Amino acid sequence: MTHVLSIRDLNVEFTDRGTLTNRPVRGIDLDVSAGEILGLVGETGCGKSLTGLAALGILPRGARRTGQVTIGNDPSQASSEAGGSVAIVFQNPGTAFNPVFTLGRQLSDVLSRHRQISRSEGKAEIIRHLSLVGLPDPERVYRSYPHQLSGGMLQRAMIAMALLRKPRLLILDEPTTALDVTVARQILVLIDELRHKFGFGVLLISHNLGIIRDVCDRVAVLYAGRVIETGTVDAVMNNPRHPYTRGLLGALPAGRTHGQRLTAIPGTVPGNLLSLTGCAFRNRCSHAVTDCSLTDPLLTETGPHQAVACLQEGEL
Amino acid sequence: MSPTTQIPAPTRSGPAGEQATLKPIKLLKQTLGRDRLAAVGAMIIVLVVILAVFGQWLAPFPDQGMGATNASARNLAPNAWNWLGTDQLGRDVLSRIIMGANPALTISAVVVAAAALIGIPLGAVAGYCGGWLDEALMRVTEIFQAFPPLLLAMVTVAILGPSLTNAGIALAISWWPWYARLVRAEAKSLRERSYVEAARAMGIPQLLIISRHVLRNCMTPILVQATVDIGTVILAAGSLAFIGLGTQPPLPDWGLMVAEGRGLIFSSWWIATFPGLAIFLAVLGFNLLGDSLRDLLDPRQVKR
Amino acid sequence: MTNVLTLENIVKTFPHQRRVFTAVDNVSLSIKEGTVYGLVGESGSGKSTLARCAMQLMRPTSGRAVFEGHDLGKLEPKALRTIRSRMGMVLQNPVASLNPRMTIGASVAEPLRTHTALKGQALQARINNLLDEVGLGAEHTHRLPHQLSGGQCQRVGIARALATSPRLLILDEPTSALDVSVQAQILNLLQDLQQQKGLTYLLISHDLDVVRYLSDDVAVMKTGKIVESGTAERIFTDPRHDYTRRLLEAAPGHGRPEMADSHTLPTLTTQGND
């Protein structure tokens, strides 16, 4: 299958006046195939959003990336020129649009940057896309200001805006976190359907394992800027091999009633990863041995659809 | 080896590893070290304060600074004896500038303090309580703001007579509404904060909530505004003196000196220019520092 | 078993663009001592407004809130403040619910200074004791909120709510701002505290899993009304109201979205997007 996104040895580094201050993403490899949804899951501060931004080449000030990011077939080095074939949808649809312009105006701006098209054709194209994402009465949406629409409708409009660029890869950064569960569900259904129809690949960034389980084909679990377990959703969710993945799944209250304790992971994600040696998770890990502080484990295949970075994997 | 072997913790700069508080002086040094403009501002302010406190010992001719005339040395250009020259009554301009720092700084500090003392409580109560009290207090401040400050000053001075003190009263009257409005806007937004709601849920008395949770958290904009305002009031008091409504001759005042030298600006430029420059530098200094205070007073800075 | 909190016909309306918006529409419920009452609903369902009416942080437009036999709406402000020491509240955003300029110790001390006569050593001992109960070391006393993680801040929030030994804790989305691993820590802590101290909780959450995990009784709210209530067991295994069923089906982690229920999509035109 063709990869629409392939990331090799991606690092993101923060520098302050020439000195390296932090490296929140440390050597990530990822592939997203056409028509596939890859979930990127992890706690706050594990580097999942930065990975998404680095793939697009839009890093915050003071950050730089190294490594190779290939979108479609053209390897792009730290450029946002890949704009045409990749689009991103952010968490909060309420602040992603400019409140003083109509949605139609804002979508036209995107369209006209992307291709030469007449005004009336452009409007027709936008309205077609607004109806594609399931917005009722797209003519009215076209004329509306952001505050006149609900969060769910705005998120659909964001997706329409992304589709206007005919992306080969869609990056969704916590697309449903700000939405109610029933609305979130509809958005996920929509994404699932659109990727089947248009065949673009999706990188879905979420902290919610339930969402990952529901819609993703494959998943990569991030911890401290590194992929610590990856594989098909079925394999990883049903047979997690890394202690961190097990901890995350054990922490979910889903289906449990009181009396049953949740297996909390003690401690917090390390803040600065520069001086880290060995496995980043070892301080919170109940299976850690001396070797864990010396050797940083590499991703190793443990099955046909699964790879894990843990020295103790065989012992678990 | 057993899996329970103690693993040495990796060094990390998480919250736990950090020193909880830094000495304010050290923090100030750090900020000034990072921010050159703030350092320039602070240096100017320190200079003005030194002149204000020790002026009578620093001035080469303290008696002339206070107004003693010297008819034999009128309108002298800057020279080795009178570095900045002398004015039309033969007084040393440098001495008068140095001696003028004290009244300038005193009046600004007093005016800003008075304005803040009136404005902050009114603004906090209006913003936190809202409703009709807010409406009433804000209408009163609008009435005060509607008068042009100079007009208000002229009326005050006309009633009380021209002097530095009366100019200060006039300025304070026209200045406090700005503080009331600033604090009200802050209090209105702070009122909606989670920690204020938590305090109400805990049954903390209203006055404590206002002082501890609301006022303490709007100190940053107040202090920034106050710092900038000290500079602005120096300018305003100078303006009043310039039009004859503030300090009266023969006392030293930068605004008054500009007024006195105005007629001789083409023949004896130094008489008006140097006091004008003093006003400019003082205002600039407070403005530069004011902007940087915002960063300095952020509690999150303590982490660095 | 006695009722700790009873809400009778609570109505709360707000003026909204020249009309009246009813946030809570005639809601009654009672919470038995030592149990956890879960209030679940989506944003705008009125569940947070209801909780604020229960604590009289907002005056209900009509209806009564009765806590330990006192009609809260009829109490003088001073008596109400005193009775609030018997109720605690834990808020959604743990960092924002602490005054950024007050140390952790000062935040926990605040209710103690207001409602008890503790001073000096005794006060400090009580603070350390409270921090210890929520799993924080005494070394945190002199830290500021931004120096702590979200989970630690929520522990401080819980310690502060527990300071005056309340009988009832109102938990407003206590874990929705936290990561799952931290959420699990906080949920375990809340459960332990409830069992050790025999506390009564009113738990407000949009997360069905969290509500199910902690609650004995559950009410489902939609547009200001309770559409269904009952034991947690019954609501989650045998939901009767259509809305409850929809909510349960939409919860993440309950299966892949069916293409069949994507009726929200109009039929796609044959002319594709490439």
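Please treat every number below as a calculation from the coordinates, not as lab data. Note that the structure is predicted; figures quoted are calculated from it, not measured. Every residue, glycine among them, receives a Cβ derived from its backbone with ideal geometry; neighbour counts consider all protein chains shown.
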- From the Cα gyration tensor of segment A:262-302, with a ≥ b ≥ c the square roots of its eigenvalues, which class applies: rounded if a/c is under 1.5, or else prolate if a/b is larger than b/c, or else oblate? oblate
- When the label point is put 7 Å from the Cα of B:Asp63 along its Cα-to-beta-carbon vector, which residues of segment B:79-97 have a backbone N closer than 15 Å? B:90-92
- For B:Ser163 paired with B:Leu207, estimate the spin-label separation in nm (one decimal), with each label point 7 Å from Cα along the Cα-to-Cβ line. 3.5
- Dividing the helical contributions, -39500 (n - 2.57) per DSSP H run of n ≥ 4, by the residues of the protein assembly as shown yields a 222 nm value, nearest 500 deg cm²/dmol, of -14000 deg cm²/dmol
- Dipole magnitude (debye, nearest 20) for chain B, charges at Cβ of Lys, Arg, Asp, Glu: 920
- Note on the structure: By the mean-Cβ-within-10 Å protection proxy, highest first, B:241-253, B:134-146 rank as B:241-253, B:134-146
- Task: Mind pulling the angle between the C-alpha long axis of helix C:120-133 and the longest principal axis of chain C? Nearest 10 degrees, somewhere in 0 to 90.
- Result: 30
- Shielding by partners, peptide A:272-280 (average Cβ within 10 angstrom, other chains): 3
- Cβ-based exposure ranking for C:His140, A:His242, C:His16, C:His115, in which fewest neighbours within 10 Å come first: C:His16, C:His115, C:His140, A:His242
- Task: Treat every Asp and Glu Cβ in the protein assembly as shown as -1 and every Lys and Arg Cβ as +1, leave all other atoms uncharged, and give the resulting dipole magnitude about the Cα centre to the nearest 20 debye.
- Result: 1420
- Task: Would you be so kind as to identify which of A:Ile205, A:His242, B:Gly255 lies farthest towards the positive end of the dipole of the protein assembly as shown, taking Lys and Arg as +1 and Asp and Glu as -1 on Cβ and the Cα centre as origin?
- Result: B:Gly255
- Item | Quarter of the Cα convex hull surface for segment B:111-247, i.e. its orientation-mean projected area (nm²) | 8.3
- Message: Once R0 is set to 22 Å, what does the formula 1/(1 + (r/R0)^6) return for the Cβ-Cβ distance between A:His305 and A:Gln68, expressed as a FRET efficiency to the nearest 0.05?
- Response: 0.35
- Relative compactness, segment A:160-302, computed as alpha-carbon Rg over 2.2 N^0.38 Å: 1.21
- For segment B:205-304, size of Cβ-based charge dipole, Lys and Arg +1, Asp and Glu -1, in debye: 520
- Query: Taking square-rooted eigenvalues a ≥ b ≥ c of the alpha carbon gyration tensor, is chain B rounded, prolate or oblate, where a/c under 1.5 means rounded and, failing that, a/b exceeding b/c means prolate?
  - Reply: oblate
- List the residues of segment B:32-68 whose backbone N lies under 14 Å from a point placed 7 Å from the Cα of B:Leu223 along the Cα-to-Cβ direction. B:32
- For the protein assembly as shown: rounded, prolate or oblate by the Cα gyration tensor [a/c cutoff 1.5]: prolate
- Distance (nanometres) between label positions extended 7 Å along Cα→Cβ at B:Leu277 and B:Glu135: 5.6
- In segment C:1-71, the trypsin sites (Lys or Arg not before Pro) that fall in loop regions by DSSP, at most 13 other Cβ within 10 Å: C:Arg18
- Taking only Cα atoms, what is the 0 to 90° angle, nearest 10, from helix A:181-198's long axis to the longest principal axis of chain A? 80
- Item | For C:181-194, mean number of other protein chain Cβ atoms within 10 Å | 5
- Signed unit charges on C-beta, dipole axis of chain B, positive-most listed residue B:Trp270, B:Gly33, B:Ile234: B:Gly33
- Note on the structure: For chain B, longest principal axis from Cα atoms; helix B:36-58 axis from its Cα atoms; angle between them, nearest 10 degrees, is 50
- Message: Greater than 31 Å separation of Cα atoms is the criterion. Which listed pairs, B:Lys188/C:Lys197; C:Lys12/C:Lys119; C:Lys32/C:Lys119; A:Lys48/A:Lys123; C:Lys32/C:Lys225; A:Lys48/C:Lys12, meet it?
- Response: B:Lys188/C:Lys197; C:Lys12/C:Lys119; C:Lys32/C:Lys119; A:Lys48/A:Lys123; A:Lys48/C:Lys12
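In whole percent, what relative contact order does chain C give with Cα contacts below 8 Å and a gap of six or more residues?
About 25 percent, as a whole number.
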- Per-pair calculated FRET efficiency, R0 = 60 Å: B:Leu37 and B:Arg74 via Cβ, rounded to 0.05: 0.90
- Please identify the trypsin sites (Lys or Arg not before Pro) of segment B:20-120 that satisfy two criteria: DSSP loop assignment and at most 16 other Cβ atoms within 10 Å. Which are they? B:Arg74
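What ranking, highest mean first, results for peptides A:63-69, C:247-253 when packing means the other Cβ atoms within 10 Å averaged over each residue?
Taking the mean over residues of other Cβ atoms within 10 Å, the ranking is C:247-253, A:63-69.
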- Note on the structure: With the charge dipole of segment C:75-211 built from beta-carbon charges (+1 for Lys and Arg, -1 for Asp and Glu) about the Cα centre, the Cα from C:Gln92, C:Gln191, C:Ser107 projecting farthest to the positive end belongs to C:Ser107
- Label model pair C:Ser43, A:Thr263: point-to-point distance (7 angstrom along the Cα→beta-carbon line) in nm is 3.4
- Which translational diffusion coefficient, to the nearest whole µm²/s, is obtained for segment C:137-249 from the Stokes-Einstein equation, given a Kirkwood hydrodynamic radius over C-alpha pairs, 4 °C and 1.567 mPa s? 83
